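Asks: One structure is given below, represented as C-alpha cells, and several questions about it will come after.
The values are calculated or read from the model by the stated rules, or taken from the named source; none is laboratory data. Note that the coordinates shown come from a computational prediction; the quantities given were computed from them, not determined experimentally. Ideal geometry is used to build each Cβ from the backbone, glycine not excepted, and the neighbour counts take in all protein chains shown. Ligands, DNA and RNA are excluded from the accessible area calculation, which covers all protein heavy atoms including side chains. Shrake-Rupley method; radii C 1.70, N 1.55, O 1.52, S 1.80 Å.
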Amino acid sequence: MRAPHSSESHLPASFTIAPGTDSTGAPSRAMATATETAPASSPGHRLHALDNLRAIVMLTGITQHAALSYVVSIDFWPVYDVSRSFGFNIMVGITNGFRSHLFFILAGFFARLLWLRSGLGAFIRQRALRIGLPFLLGTLTLVPLSGWIRLWATQQTLAPGEWTTLFTRSEHFWFLEMLLILCALNALILWASASASASASASATAAATPRSPLARLARPLDAACDWLLARPWRILALVPIGMLLMWAHHNVGLVHNKGHNLTPPLRAVLYYGHFYLLGWWLHCRSQHLATLAQNYASYLLIAVLSFPVFGIGYMIYHSPEGTHPLWLKTLVIAASALYAWAAAFALIGWFLRHAGSHTPRVRYLADASYWCYIAHFPLVLWLQVLMLPWDVNCWIKFTLNVLINLAVLLLLYDLCVRYTWLGRILNGPRTRPGSKSPAPTPAQTAGP
C-alpha cells in the first residue's frame, strides 16, 4: 500500500485521511474524513468541506442564470435587458468555465462514498430516487413552465400540435440527466466487476488469488494515476482529454449547448465522465486530496492566468470579423480545459483548508441548495421579464433577482419541502427541531 503523501501534514487538524484500498487492492471502507467528533472508522464520517463546496456550486447556478439577461452580445437567452454590462460576461465566463466540471468531480467522489457505505443495490436505488425522480418530475413541470415563460418573454405563440416542443429541452436539468447517465454506467461497471470477481473466485484454486479482468486493469491505471498526481506538472496531463472532446463543437471552448436538447451528445457524456471518474478515483486514493489542499494557491494562479487567455481568445475567434486559424482554436480550447481543471482543484483545495466547518446553519443551507437549484430557473426568467421595463441599473436588477430567488426558495424549502415527501426525495428524511424521531443516516442524506 502506498503511504499517504507527506503533504497531509499541511491540512487542518480535523482533516484525516485513510487509504482507499487494502493491502490486496480491494476497496476498503476507510475514507477521507473531515470532522472533529466522530472516530475515523465511523461510517457516518464525511468531508464537510466538500459538502459545503457542492452547495456553493449549486447556488452559483442561480447567480449565473440571473446574470445572463445582462451580458453583452448574447444570442440564446430569451430575455434581453436594455441595461447591460460587460462585467456580466466576465462573471458568467468565470463560473461557467469550472462550475459544471467541479460538480461532476464532487459527484464522482460522493458516488464512491455512497457505494462503499451501502453497496451496489442501495447505490442504484438512492441514485434513482435522488437524481432520476427529480429529473423526471422537473422535466414534466418546471421545464415546460420555463418554456411558457420563454414564449411570453419573446411574444411567441405555439401552433396546435407544437406544445410538445416545451418538453424537448432539458434546461437546467441537463446536469441531472448527465449525472443519471454517468451513475447508470458506473453501476453497470460495478456490477460487471462484481460478477467477474465472483466467477473468478469460483474457478480459482486454493493457491491462487482470484482477480477479475476489471480489477487487473484497474491496478496499473491506479498506479499510473498515483504517479501522475505526484508530478508537479500533473494538471497538464489532464488537458489533452478535454481538448479532444471539445474540438468538434462549433462553439469553440465548449463541449455542447447545455440544456438546449433533451439528449446529450456522446462527446459530452465522455467529457463530463472523465471529471466524474477523477472524483471517483480521488475518493479511492484520498491521500491526494492533501496534495490539492497544499497546492491550491498554485492552482488558483494557473486559473487566473489561463482565464484571460481563454476569454480574449474566445472573443477574437467568435467576433464577426475574426479569423479562425488553427493555432487560435487550439489555444482557446487548451486554455478552457486548463482553466476548468485549475479552478476546480483550487476550490477543492481551498475548501479543504479553510471551509470545513460543520454547523447546523451550514448544514441547512447545504441541504436547501439542491432544492434551490432545481426550482430557481422559472423564477429567474419571470423576474427578468418583470424587470425589463424598469429604468434601473442592471447590477441592481441582478442583485434583486438573486435575493428574491433565495428568499422565496428558502422560505418554500422550510415550509413546503424540508419535512415533506419532496424533501425526503431530495435529501432524505428530516425531523423538525424538538422531535424525538431518530436522525437520518448518512447514506440517507447523500445528495446528488
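Asks: In segment 93-101, is there at least one residue being in a helix (DSSP H, G or I) and more than 16 Å from the chain's Cα centre (by Cα)?
Replies: yes
Asks: Follow-up. Is it the case that some residue within segment 170-182 is at pLDDT 80 or above, closer than 30 Å to Pro378 by Cβ and assigned to a loop (DSSP other than H, G, I, E, B)?
Replies: Checked against the condition, which is being at pLDDT 80 or above, closer than 30 Å to Pro378 by Cβ and assigned to a loop (DSSP other than H, G, I, E, B), segment 170-182 yields at least one hit.
Asks: Looking at Leu365, Leu403, Leu410, which is the one that is open to solvent by less than 70 Å² (accessible area, probe 1.4 Å), in a helix (DSSP H, G or I) and over 19 Å from Phe173 (Cα atoms)?
Replies: Within the list Leu365, Leu403, Leu410, the selection yields Leu410.
Asks: Taking the stated definitions as given, is Arg424 assigned to a helix (DSSP H, G or I), touching a residue at least 24 places away in the same chain (Cβ under 8 Å), of a type in the set (Lys, Arg) and crowded, with 16+ Cβ neighbours inside 10 Å?
Replies: The answer is no for Arg424.
Asks: If only one of Leu114, Leu136 is part of a helix (DSSP H, G or I) and buried (at least 17 other Cβ atoms within 10 Å of the Cβ), which one is it?
Replies: Answer to the selection: Leu114.
Asks: While we're on this one: Looking for whichever is within 17 Å of Ala344 (Cβ to Cβ), touching a Pro at 6+ places or on another chain (Cβ under 9 Å) and β-branched (Val, Ile, Thr) here; the options are Val239, Val255. Which one fits?
Replies: Going through Val239, Val255 in turn, just one is within 17 Å of Ala344 (Cβ to Cβ), touching a Pro at 6+ places or on another chain (Cβ under 9 Å) and β-branched (Val, Ile, Thr): Val255.
Asks: Find the residue count for segment 58-86, including only residues that are in contact (Cβ under 8 Å) with a residue 24 or more places away in the chain, open to solvent by 20 Å² or more (accessible area, probe 1.4 Å) and more than 17 Å from Trp174 (Cβ to Cβ).
Replies: Total satisfying the criteria: 6.
Asks: Hey, another quick one. Among the candidates Thr157, Thr165, which residue alone is open to solvent by 60 Å² or more (accessible area, probe 1.4 Å), of a type in the set (Val, Ile, Thr), under 23 Å from Trp382 (Cα atoms) and assigned to a loop (DSSP other than H, G, I, E, B)?
Replies: Residue meeting the stated conditions: Thr157.
Asks: Restrict the check to segment 388-400 and report whether at least one residue is out of contact with any strand residue (DSSP E or B) (no Cβ under 8 Å at 6 or more places or on another chain), surrounded by fewer than 16 Cβ atoms within 10 Å (Cβ to Cβ) and within 30 Å of Leu282 (Cα to Cα).
Replies: No, segment 388-400 contains no residue that is out of contact with any strand residue (DSSP E or B) (no Cβ under 8 Å at 6 or more places or on another chain), surrounded by fewer than 16 Cβ atoms within 10 Å (Cβ to Cβ) and within 30 Å of Leu282 (Cα to Cα).
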